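What follows is a set of notes on a single structure, which appears directly below.
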Amino acid sequence: MVKRIKVSNNVIRRLPRYLRKLDELKAGGVSRVSSKNLGALLGLTPSQIRQDFSCFGEFGQQGYGYNVGALRDEIASILGMDRGFKAILIGVGNIGHALMDNFCFSDWGFTLSAAFDIDPAIIGTTTNGVTVRSMDELLDFLHEHEIDVAVLTVPADAAVAVAKLLRDNGIGAIWNFTNVELTEPNSSTIVENIHFSDSLLSLGYYVAERYDEEAAHAARLARREQ
């Protein structure tokens, strides 16, 4: 059992990056890695990595570094991958169907137990062993099964109402792809709002920054040549 203290969101966001890199190292036959080498692979400083890991315990040995497999398992445990979380998906449109078809929930510690939609043409179909049920069955399903997370991929105009329905019926966490902010300050429901545009806009910032720096550099050179 790892120690649990209040950890910053920035540290939590870095943990999946560590996990993916450790998986790559393990698959490549690497058994040991230092904070210096791991930092170089991830663009982080060794002190940042040691500080992040210290939030959860002592995982390495001075002069030895980290056992890749053991560290990977520790981080997986911190992220709840060994808890057997159960999820449902609501809204089997383009995004919902893509997740059902292409995203392997079980690889990350989740079981996708069911999906729900209102479209008669979709209800009853099965993707990767998960059958789409009618939304009319949702409340009974929630009362009969212990579900940890709802994946919300309904149209934006239905997002708030469906989120309220989920909160009112015991769902404690929502993975939200509706492009509507569903976080409520006084709600106990954990919401992870996914906005695809955020990542693209962040990329746009760095591209613009690079162009501006290149233009400024070119202007300085031009002045020197005058």
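Taken over region 86-121, the criterion of being among the aromatic types (Phe, Trp, Tyr) and farther than 19 Å from Ala163 by Cα is satisfied by Phe103, Phe105, Trp108, Phe110.
Which residue, of Leu182, Leu203, is in contact with a strand residue (DSSP E or B) (Cβ under 7 Å, 6 or more places away or on another chain) and free of Cβ contacts under 8 Å to residues at least 60 places away in the same chain? Exactly one of Leu182, Leu203 is in contact with a strand residue (DSSP E or B) (Cβ under 7 Å, 6 or more places away or on another chain) and free of Cβ contacts under 8 Å to residues at least 60 places away in the same chain, namely Leu182.
Contact map, region 31-42: first residue closer than 14 Å to Arg72 by Cα and of a type in the set (Ser, Thr, Tyr), second residue open to solvent by 20 Å² or more (accessible area, probe 1.4 Å) and part of a helix (DSSP H, G or I), Cβ cut-off under 6 Å, separation 6 or more or different chains; pairs are Ser35/Pro46; Ser35/Arg50. Please enumerate the residues belonging to region 143-161 that are within 21 Å of the chain's Cα centre (by Cα), touching a residue at least 24 places away in the same chain (Cβ under 8 Å) and outside any loop (DSSP other than H, G, I, E, B). Residues satisfying the conditions are Val149, Ala150, Val151, Leu152, Ala156. Based on this model, can you work out whether Leu138 counts as open to solvent by less than 60 Å² (accessible area, probe 1.4 Å), part of a helix (DSSP H, G or I) and under 30 Å from Asp52 (Cβ atoms)? Here the answer is no, as Leu138 does not meet what is asked. Taking Ala98, is it under 30 Å from Leu138 (Cβ atoms) and not β-branched (Val, Ile, Thr)? Criteria met by Ala98. Scanning region 143-156 for residues that are of a type outside the set (Asp, Glu) and touching a strand residue (DSSP E or B) at 6+ places or on another chain (Cβ under 8 Å), we see that the one that is farthest from Leu89 (Cα to Cα) is His145. The set of residues from region 71-91 being crowded, with 16+ Cβ neighbours inside 10 Å and either outside any helix (DSSP H, G or I) or touching a Ser or Thr at 6+ places or on another chain (Cβ under 6 Å) (or both) comprises Leu79, Met81, Phe85, Lys86, Ala87, Ile88, Leu89, Ile90, Gly91. Taking the conditions (1) open to solvent by 40 Å² or more (accessible area, probe 1.4 Å); (2) farther than 23 Å from Lys6 by Cα; (3) in contact with a strand residue (DSSP E or B) (Cβ under 7 Å, 6 or more places away or on another chain) in turn, Phe59 satisfies each one other than (2). Of the residues making up region 92-135, just one is in a loop (DSSP other than H, G, I, E, B), small (Gly, Ala, Ser) and open to solvent by less than 20 Å² (accessible area, probe 1.4 Å), namely Gly109.
The values are calculated or read from the model by the stated rules, or taken from the named source; none is laboratory data. For clarity, every value in this text was computed on a predicted model and none was experimentally measured. Don't worry about glycine lacking a Cβ; one is built from the backbone with ideal geometry, like all the others, and counts go over all protein chains shown. These accessible areas exclude ligands, DNA and RNA; they are computed on the full protein's heavy atoms, side chains included. Shrake-Rupley method; radii C 1.70, N 1.55, O 1.52, S 1.80 Å.
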